[in-house]
Structure formats: C-alpha cells, structure tokens
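Notes to accompany the following structure.
The values are calculated or read from the model by the stated rules, or taken from the named source; none is laboratory data. Values in this document were obtained by computation on a predicted structure and should not be read as measured data. FYI the Cβ positions are ideal-geometry reconstructions off the backbone, even for glycines, and counts take in every protein chain you see. Only protein heavy atoms, including side chains, enter the accessible area calculation; ligands, DNA and RNA are left aside. Shrake-Rupley method; radii C 1.70, N 1.55, O 1.52, S 1.80 Å.
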Amino acid sequence: EDEKCVRRIAEDLQQKIVVELCESKDMTESRASSLVLLMSKLRLLKHEEVDTIIDGAESKIVRHYESRLNGATEICAGRFGERNLRKARAIVEDVRSSLHQLTNGNPDDDALKWARSLNEKVADGLNKVTKKEQEETPPDIPSNLVTKNRTDISAAVVWNAPLSYTTIETYQISFNGDILGQELSGKTCWKLFNFLHPGREYDVQVRAKNSSGYGEWSDNFSFKTTATVPDAVQDLRREETKDDSLTISWIEPKVQENTTAVTSYRVMVNGNEMHYSLGKCKGGRVKIERLRPNTNYRISIQAINLAGLCEEPKALDGIKTSNVVAAELKEKLDRLKMYQKDPDKEEEVYNRHYDNRDSDVFSLAHISGNFKCNYEVSDVEQPYRCNNFEWQRVRGGCKWSGNSQVNGMVIGHVRVRAKRSERYKSEIEMLEKEINALKEKTKLIHEKVHF
C-alpha cells in the first residue's frame, strides 16, 4: 500500500540529486555532504534507476576529492617551497577529515565503498607530502661540539652529525665570526685549526647543508689553547768585555712539540729591564751596550715566546766592565809629559864609526826624521855631499845644521845630537792627537751611559 508513496519519495530525492549534479558547477563540501545523505536514503529503496543516479552522484563526489588530492600530490612532485608543502598537507588533511565526516567514521560500509578508494588515496597523499617535507627540510643543528688534542698552536673541534632526511653534503664553519671559505665534506665531522696563538680563546659554530640548503648554526662553542712558556737558557757565560759593553752568550732553549719558538729575550741589567729581538740575539749571543766603565753588573736573561715569559731566569753575578780607554789615556799622558820635559836639553841620537869605503852609505834621513839636528862629523877621509854641496876633506872635523838630507860616502866617525823638543816633535804631535781622540771617546762613553 506504500508503493506509491515510496515511488513519490524516490522521485523527489532523485530530482534533488539531479539538481545537485547538473545545476551546480562546482562541488563543495556542503553539496557533497547533502548528496551522501540523499544517497544513503535512496540506497534503501533498492531501485535500479535510483541506483544508477546514485552511482553518478558517487562518481562526482570521487572526482571532486580526487581532484583535490591530485592538486596536493602535484605540489609534492616539484620544488615549491615550505609554504606550498604546508598547503598540500592542509588539503590532504582536510580531505581525510571530510571523508571521515561523510562516512560517520565507518568507511567499510558497502554503501560507502567509494570512500574506501579515496581513503587509500588520502593515505598515499599523506605519505607523499611527508616524504617531500623531509626532502625539502634542511638538516638539524650539529650537536655536542667538543675539542680534542688542544695545543699551544692547534686544536681539533668535533661534533655529532645532525638529523637529515637526505644526505648531508657539506659542513660550513664559522671561526671567530668569519665564515671559512672552504666547506668540509658531509662525512667529516671534525675540523683541525692550525696556526693559533697560545692561551687565546676562539669561537666556533657549525651548520650542515643538504639538497634543501643550510640548516641552522649550532650554538657558539668556545675553546682556549694551552700556553707553554719556554724552558730556561743554558750555559750562560761572558764572551767579551769592553769599557762600555759586555757580550754574553748562552745555549738557546729547545722548542717543544706543538709550542711556539722563542721570539725575544728579556735581559735584566742591575734590575733594569731590556728586551732584545731574535735579530739582536742571533745564535744565543747579545751585546749589552751603554754601560759604565770599571763597574760591576748583575745580568739575568729569560726567553719569551707567544705564550709568555720563561719562569726560570739565568743570571751572571759580579761581571765587570773594563777600563782600557782610561788606562790608555793615562799612559799616553805620562809619555807626553816625559817628552815635554827639558825641551832645550840636547841628547845624542846617533853615534857610529864608518870605515868601509865600498858598503857604508851615510844618510841622516833615517836618523833625524823631519826635525832639526846638529850633526858632528870628525876624522873624515872621504868627501860627502850635503844638499848638493860638495864638502872637502877636513882634518879636525866639522859641524852642520840642517833638515836631514845628508848623503854620501863617509869614512870616519859620525855623531848626531839634537834638542829634546826637536827630537820628540813628531811623537808629541802624534800623542796629542791620540790623547784628544781618547778624551773624546771617554766623553762619548759617559754621555751614552744608561746603566
């Protein structure tokens, strides 16, 4: 008796489906929900024509959600960036939520078999989105940075590789705020830093790179190199002593492995500090100048490198500068005083008898030099020449005063006498020059005295 009523209801519902399918251009979530409600009611009629209409409605619903899912998976097929990946995930999640609502959480119902295939596509879409997100996600931050094998001049920094869904290609290093130009291989989780300074602090950061780009920088990691000062010098000794300087030498300390070489030396002279570079201490030898003559000194020395000052000084006590200039000056002054004594007194400077006519040649040049002499010649048997004037034989002898150029053959006795002022004239002049030079040298020494 209700056949007519059922048919009428079926015709009304069918008309609503036709309107939804034919008159609406775009499928919306509300229309899909309305259609599913209608289809669930029409299925109860088990009417062949109605079932055909329902099949068409189901196809439209499936195409609607498949289109949305295809759009999401297309995003995953290319490199569209993080923003579009979030959009793709939102689409898939929305479709899954809609299907859950449309099927009331029971997609296994035979009446909702169209939903099962869509759920499979939703799961596949979620997998693709997740994989793409992982592929386009930069690496995490490297962790657990520590140092190994720290020395005065080097240190190795190691770290744990970060999580990355794709292969880590390289590591980039920031050292004291400067990014190093050469990146490390993704398989190398350590970096050796050389040519460092002893006792200095350094900052390091690391970040990884994969196909999606660079990850975040690690937290700043600081480390400090060790500081090893030089050993003490050995065999400190005095080499040379002068009025205004002392030269000392030593055996240089050996450079320990992975430490810095000696760069200079600290020298203490009676408590006064000086520094000498290696250029002035070549081969472990230094000349300490501007000292005071005839003075005792205490000299100590310490090696210096980039790490600092040797803690154990070596010293020489009671070494004394010489007084040579003063002694030489006194000796020359005494000689000058002797030469200048009794300037008019005559002294014999030559006395010789010549008796060989063939070999003896008498020349006053080698006797008198350039000073004026009185020459006495006695018992002359052979003429001699004086300044180109020929003298004849004389029985009792003769006297002549001149400036040295008396040459010729002489047979007889020759005696030469001269005043002290004339005899020592050249010596006095030379001594006066030498004394003036020594006085000037003494003056300069005392002007330059520093210690």
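Take residues that are over 21 Å from Thr225 (Cα atoms), open to solvent by 40 Å² or more (accessible area, probe 1.4 Å) and touching a strand residue (DSSP E or B) at 6+ places or on another chain (Cβ under 8 Å) and tell me which of the strands (runs of 3 or more DSSP E) falling wholly in the range 136-179 contain 1 or more.
143-148, 155-160
Residues are listed down the side, and each one gets a yes or a no for (1) under 24 Å from Lys242 (Cα atoms); (2) at pLDDT below 85; (3) not in a helix (DSSP H, G or I):
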position	(1), (2), (3)
Trp400	no, yes, yes
Gly408	no, yes, yes
Val416	no, yes, yes
Glu427	no, yes, no
Leu431	yes, no, no
Glu434	yes, no, no
Ala437	yes, no, no
Lys443	yes, no, no
Glu447	yes, yes, no
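One line per residue, one yes/no per condition, for (1) touching a Phe, Trp or Tyr at 6+ places or on another chain (Cβ under 6 Å); (2) under 16 Å from Arg298 (Cα atoms); (3) polar (S, T, N, Q):
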{"residue": "Val229", "(1), (2), (3)": "no, no, no"}
{"residue": "Ser249", "(1), (2), (3)": "no, yes, yes"}
{"residue": "Asn258", "(1), (2), (3)": "no, no, yes"}
{"residue": "Met274", "(1), (2), (3)": "no, yes, no"}
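Considering only the range 191-218, how many residues are crowded, with 17+ Cβ neighbours inside 10 Å and in a loop (DSSP other than H, G, I, E, B)? Even if it seems obvious, please write down each step before you answer.
Of the residues in the range 191-218, the ones crowded, with 17+ Cβ neighbours inside 10 Å are 191, 193, 196, 198, 202, 204-210, 212, 215, 218.
Within this subset, residues satisfying the condition of being in a loop (DSSP other than H, G, I, E, B) are 196, 198, 212, 215, 218.
Here the count works out to 5.
Does the range 219-227 contain any residue that is assigned to a loop (DSSP other than H, G, I, E, B), modelled with pLDDT under 90 and of a type in the set (Asp, Glu)? I'd like the intermediate steps shown before the answer.
Taking the range 219-227 as the starting set, the residues that turn out to be assigned to a loop (DSSP other than H, G, I, E, B) are 219-220, 225-227.
With modelled with pLDDT under 90 added as a condition, the list becomes none.
No.
Against the definition (at pLDDT below 75, under 27 Å from Lys4 (Cα atoms) and assigned to a helix (DSSP H, G or I)), how does Glu49 come out, yes or no? Spell out the reasoning first.
On the way: at pLDDT below 75: yes; under 27 Å from Lys4 (Cα atoms): yes; assigned to a helix (DSSP H, G or I): yes.
When the stated conditions are applied, Glu49 passes them.
With respect to Gln182, determine if the residue is outside any strand (DSSP E or B) and farther than 29 Å from Leu309 by Cα.
Numbers: outside any strand (DSSP E or B): yes; farther than 29 Å from Leu309 by Cα: yes.
Here the answer is yes, as Gln182 does meet what is asked.
Would you mind telling me which numbered condition in (1) under 30 Å from Lys443 (Cα atoms); (2) in contact (Cβ under 8 Å) with a residue 60 or more places away in the chain Glu240 fails?
Only one criterion in (1) under 30 Å from Lys443 (Cα atoms); (2) in contact (Cβ under 8 Å) with a residue 60 or more places away in the chain is unmet by Glu240, namely (2).
Among the listed residues Ile179, Ile248, which satisfies the condition of being free of Cβ contacts under 8 Å to residues at least 12 places away in the same chain and among the hydrophobic types (A, V, I, L, M, F, W, C)?
Working: Ile248 fails: free of Cβ contacts under 8 Å to residues at least 12 places away in the same chain.
Criteria check complete, one pass: Ile179.
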